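Down below is the structure, laid out as structure tokens.
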Amino acid sequence: MNLPVYMDYHATTPCDPRVLEAMLPYFSQQFGNAASQGHAFGWYAAEAVKIAREEIASLLNADPSEIIFTSGATESVNLAIKGVFEMMAGKGKHIITLSTEHRAVLDTCGHLEKLGAEVTYLPVQHDGLIDTTLLQSAIRPDTVLIAAMYANNETGVIQPIQTISKIARQQEIFFFTDATQAVGKIPVNVIKDGIDLLACSAHKIYGPKGVGALYVRRRNPRVRLTAQMDGGGQERGFRSGTLNVPGIVGFGKAASISQAEIEQNKISISHLRDKLEKAILNMGGGKLNGHPLNRLPTVTNLSFAQGMGNQLLKNLLKVVAVSSGSACSSASPEPSHVLKAMGLDDTAAYHAIRFSLGKYNTEEEVEFVIQRVRLALEEMNSGMVHIQDA
């Protein structure tokens, strides 16, 4: 067993060797620009992009023409929300989202507020789920977009996507979901789920960093966006710029592998997650944050007693890679906005640890982490007793 043990798969995943193998030729032998249609190098690159687009579309049950390649989920989020807001300016300026969204969504909405948008940030219940009656009551005649994360990156809580999309559809409002953590971990079907726009990223599904996609529905209803990058008109004019062919090839391969292995990964990873979670909770060392059932199979978010969570994190980091929340907010000393939105106070939110597991974790690693947590909690409890006795 190699140390440190990696249990931060919601931050990023290692590249699957099969993905790397698929990418390598497009760095050297087949290095053409996919937009160069006058010679074979461009044709090979364009064909590789076409295949990858089909692979990603298959994972989402979309049409390949509905997949727009970007530099990652953050760019996809920006293109979706800003693009809809600008395109729908004649209809309205109201956006509805959740208080537990990723910063990519919250900060994009905050930017649009400075430009005249009116944003309603819906609260969630203590288990992290939205109350859909609140969503219905928040809709206005000028609402143009509902943005709700498919599965939360910190707690794994899965929102009632089909119910949300049905509400949006009934009111003729576009529905966007940041599905970055859900895609590849659980089945995501844009038709069945009623999704109009969806953001995802390769590096969350054992693909390369720096490449993502935005699904944009083409019919029933057709979604129109205002481009946020102008230039050569690539990606149906939605996203100009030379395509990252090696990255896109890797994304496609990762999507294909994820689709083939999704069920077996769900079973094996959830088994390890449940074993780890149960052991830690039985120590009396933590409290589960988020819905115990409506969540991803890959993550457990636990709050520890005052002063213990942060110290436990420090004790573990030399041998176990875990996090206190979103990787995109890890530089901030502030407590998790997700956990605070779920009703946790600053102390409980600050002393939470996210263990996120992946397909390369083993039983041996889980046993090792359980023992390390047990030893650390015993040492901290012993220290607290000594302090109290003194």
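Details
- Odd one out for LEU276 among (1) modelled with pLDDT of 95 or more; (2) surrounded by fewer than 21 Cβ atoms within 10 Å (Cβ to Cβ): (2)
- The residues on offer are LEU296, LEU288, LEU313, and the sole one that is at pLDDT below 95 and either under 26 Å from LEU59 (Cα atoms) or among the aliphatic types (A, V, I, L, M) (or both) is LEU313.
- Residue identified as acidic (Asp, Glu) and touching a residue at least 60 places away in the same chain (Cβ under 8 Å) among GLU86, GLU21: GLU86
- Looking only at the stretch 12-21, residues that are buried (at least 20 other Cβ atoms within 10 Å of the Cβ), of a type outside the set (Ser, Thr, Tyr) and outside any helix (DSSP H, G or I) come to 1 in all.
- For the stretch 125-175, the candidate set comprises residues that are of a type in the set (Lys, Arg) and closer than 17 Å to LYS192 by Cα; within that set, the residue that is least open to solvent (accessible area, probe 1.4 Å) is ARG169.
- When SER270 is tested against (1) among the hydroxyl-bearing types (Ser, Thr, Tyr); (2) without any contact (Cβ under 8 Å) to a residue 40 or more places away in the chain; (3) open to solvent by 40 Å² or more (accessible area, probe 1.4 Å), only condition (3) is not met.
- Number of residues in the stretch 282-307 that are closer than 16 Å to LEU377 by Cα, touching a Leu at 6+ places or on another chain (Cβ under 7 Å) and open to solvent by less than 60 Å² (accessible area, probe 1.4 Å) equals 6.
- If only residues of the stretch 22-69 that are among the acidic types (Asp, Glu) and under 25 Å from the mean Cα position of the chain (by Cα) are counted, the one that is least open to solvent (accessible area, probe 1.4 Å) is GLU66.
- Any hit, the stretch 158-165, residues being touching a helix residue (DSSP H, G or I) at 6+ places or on another chain (Cβ under 7 Å) and more than 22 Å from LEU214 (Cβ to Cβ): yes
- Residue match in the stretch 99-117 (condition: among the hydroxyl-bearing types (Ser, Thr, Tyr), free of Cβ contacts under 8 Å to residues at least 60 places away in the same chain and open to solvent by less than 10 Å² (accessible area, probe 1.4 Å)): yes
- Only one entry in ALA147, ALA151, ALA138, ALA104 is closer than 17 Å to PHE176 by Cα, in contact with a Phe, Trp or Tyr (Cβ under 6 Å, 6 or more places away or on another chain) and aliphatic (A, V, I, L, M), namely ALA147.
- Every residue from the stretch 232-259 that is in a loop (DSSP other than H, G, I, E, B), open to solvent by 20 Å² or more (accessible area, probe 1.4 Å) and at negative phi: GLY232, GLN234, PHE238, ARG239, THR242, LEU243, ASN244
- Restricted to the stretch 33-130, the set of helices (runs of 4 or more DSSP H) holding at least 3 residues that are under 26 Å from VAL144 (Cβ atoms) comprises 73-87, 103-114.
The values are calculated or read from the model by the stated rules, or taken from the named source; none is laboratory data. The structure presented is a predicted model; accordingly, all values stated were derived computationally and were not measured. Virtual Cβ from ideal backbone geometry, glycine too; neighbours counted across all protein chains shown. Note: areas computed on protein heavy atoms with side chains; ligands, DNA, RNA excluded. Shrake-Rupley method; radii C 1.70, N 1.55, O 1.52, S 1.80 Å.
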